[in-house]
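Peer 1: Before we start, here is the structure in question, set down as structure tokens.
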Amino acid sequence: MWITIAGYCWLCRQPLHYDTKGICSSCIRHLPKQQDRCPCCLYPSSHSMMLCGRCLQSPPPWKQMLTVTDYQPPLNKLLHLYKYQPRPQIALCLARLFLLRWLSHRRENLVQKPDRIISVPSHRHRRWSRGFEQVEAIAKPLARWLNCAYQPDTLIRTRATLVQTHLNAKQRQQNLKNAFVLNNTVSVSGKNLALIDDVITTGATLKSIVPLLFRAGARSVEVWAICRTL
């Protein structure tokens, strides 16, 4: 039986049998591996099951961090295309990549399913200019596949912030000060949460949001993203 070729892999441009996958199995197998990483910050460490010295001295507020791979080829180029061209159709294959990563960790009992997934929001002006909310578009199918609750307006971005690409860690933290609030109509009390973003760099965004969630009564918070910069 012949299968109609419906699309092309976003990474290698080879034809796909099922265009909903977006990325072929060969490209998925050859994505760079994250080995010997601290489970809390994903920086290189001597042991993947123990916190690194940095996290022992100054523990982040979140439980652990999970990403597909580092912010390097080929996914960094795909994420750039997704955010700045923009190409909202890429969201589904990014969500699928994260799902595969999460399932791999789940089989090793390294992660637990959260009660709710929360996405990091853009400011309404940036969302309008892009035409869609890029993290929400990843979080929605992921929540559906994992059978987790998801409410897109759990967090509200109160003001536009500077583009953080060229800001250092201190500048990013100042840039994000009081930039997020928790929607007072949404309860996270007693919930195990997963906070998802597209890329994690210095962690300034996470450090601005996670304390809000704990002050609102969250039981635990994991942070998820497609890529982590080193």
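The values are calculated or read from the model by the stated rules, or taken from the named source; none is laboratory data. Owing to the predicted nature of the structure, the values given are computational and were not obtained by experimental measurement. In this analysis, Cβ positions are derived from the backbone assuming ideal geometry, glycine residues included, and neighbour counts consider all displayed protein chains. Ligands, DNA and RNA are excluded from the accessible area calculation, which covers all protein heavy atoms including side chains. Shrake-Rupley method; radii C 1.70, N 1.55, O 1.52, S 1.80 Å.
Peer 1: Before we move on, is LEU81 farther than 18 Å from GLU222 by Cα, at pLDDT 95 or above and not aromatic (Phe, Trp, Tyr)?
Peer 2: It is false that LEU81 is farther than 18 Å from GLU222 by Cα, at pLDDT 95 or above and not aromatic (Phe, Trp, Tyr).
Peer 1: Yes or no: region 116-127 includes at least one residue that is of a type in the set (S, T, N, Q) and at pLDDT 90 or above.
Peer 2: Looking through region 116-127, at least one residue is of a type in the set (S, T, N, Q) and at pLDDT 90 or above.
Peer 1: Filter region 202-214 down to the residues that are more than 13 Å from ARG228 (Cβ to Cβ) and open to solvent by 20 Å² or more (accessible area, probe 1.4 Å) and list them by number.
Peer 2: LYS207, SER208, PRO211, LEU212, PHE214
Peer 1: Looking for whichever is buried (at least 22 other Cβ atoms within 10 Å of the Cβ) and outside any helix (DSSP H, G or I) here; the options are VAL199, VAL186, VAL221, VAL181. Which one fits?
Peer 2: Step by step, each of VAL199, VAL186, VAL221, VAL181 is checked, and only VAL221 is buried (at least 22 other Cβ atoms within 10 Å of the Cβ) and outside any helix (DSSP H, G or I).
Peer 1: Among the listed residues PRO61, PRO73, which satisfies the condition of being without any contact (Cβ under 8 Å) to a residue 60 or more places away in the chain and either open to solvent by 50 Å² or more (accessible area, probe 1.4 Å) or not charged (D, E, K, R) (or both)?
Peer 2: Step by step, each of PRO61, PRO73 is checked, and only PRO73 is without any contact (Cβ under 8 Å) to a residue 60 or more places away in the chain and either open to solvent by 50 Å² or more (accessible area, probe 1.4 Å) or not charged (D, E, K, R) (or both).
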